[in-house]
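Structure incoming, see below.
Every read-out reported here was derived from the displayed coordinates using simple, explicitly stated rules and does not represent laboratory data. Worth saying up front: this structure is predicted, and the values here are computed from it rather than measured. Every residue, glycine among them, receives a Cβ derived from its backbone with ideal geometry; neighbour counts consider all protein chains shown.
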Amino acid sequence: MNVKEAATLLSYVVAAMPNIQDKDLAPTAKLWANVMPDISFELGQQAIIKILRSKKIPTVPLPAEVIETVDSIRYGENKINAPSDYEAWQEVRSKIDYYKPNQKWSHPAIEETIKIIGSRNICGGDYNVADRFMKVYNRIVKRSNDQYENKVTLQIIDNTSKDKKKDILTFIGENKQIILGRKAV
């Protein structure tokens, strides 16, 4: 979405919330456009309407709320992310068959995990095969989520001007201990 589209979406929010009708939301529109460049106007519009239909506290939705709602629209309420490790393991236990190697799985992370561990090892596995499956599966899901977030972040940085890009990269360089969750040395 671009700034004009974000401003249009914010106009829906302003119309529904009288307490913010006298506020200047131009900076918020710019922020939304920078944080959510990967969301189309149509999906954003659906998400805002869905949020406004259930919002009880009159506040402007945060980008994370809009992104989560867009994901729920795209993938359905229960398909925002990959299934939990336990759900994935239950699916594998119920469907895996050594003699039918081309099973259809509900999520690509399940298939990738089975390829890494091996269907033979899962079918004839010992007592800790469930633990191994869940550890590998969780790493694959985390890596997939991180790759997606990195791709969106790079897209955001590519869409910023050179001056702002330099400011963003300087900020990240100066605050990488905070960003990475480490204590400053």
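As a footprinting exposure proxy, order Y99, Y148 by other Cβ within 10 Å, with the fewest listed first.
Arranged by neighbour count, lowest to highest, Y99, Y148 become Y99, Y148.
Right, another one. Enumerate the whole-percent occupancy of each 10 Å bin, from 0 to the last occupied one, for all C-alpha pair distances of region 14-146.
Reading upward from the zero bin: 10, 31, 21, 17, 13, 5, 1.
Sticking with this one: Once you treat every alpha carbon in region 1-80 as an equal point and sum by Debye, what is log10 I(q)/I(0) at q = 0.11, 0.19, 0.21 Å⁻¹?
For the requested q values the scattering log ratios are -0.25, -0.75, -0.92.
Still on this model: Looking at region 1-80, which GluC sites (Glu not before Pro) are in a loop (DSSP not H, G, I, E or B) and have at most 15 other Cβ atoms within 10 Å?
Listed in order of number, the matching sites are E77.
Could you list L154, L52 so that the one with the fewest beta carbons within 10 Å of its beta carbon is first and the one with the most is last?
Listing L154, L52 from fewest to most nearby Cβ atoms yields L154, L52.
Can I ask one more? Each residue of region 52-68 in order: what ³J(HN,Hα) in whole Hz does its phi give by Karplus 6.51 cos²θ - 1.76 cosθ + 1.60, θ = phi - 60°, with x for Gly and Pro?
3J(HN,Hα) across region 52-68, in whole Hz: 5, 5, 10, 6, 9, 9, x, 10, 5, x, 6, x, 4, 5, 5, 4, 4.
A follow-up question, please. Find out how many positive minus negative residues lie around Y127, taking Lys and Arg as positive, Asp and Glu as negative, among other residues whose Cβ is under 15 Å from that of Y127.
Residues close to Y127 contribute a combined charge of +1.
For region 1-65, run through the trypsin sites (Lys or Arg not before Pro) and keep only the ones in DSSP coil with at most 16 other Cβ atoms within 10 Å of their Cβ.
For trypsin sites (Lys or Arg not before Pro) across region 1-65 that sit outside H, G, I, E and B with at most 16 neighbouring Cβ atoms in 10 Å, the list reads K23, K55, K56.
Same structure again: Determine, for D131, D24, the number of other Cβ atoms within 10 Å of each Cβ, and report the residues in order from fewest to most.
D24, D131
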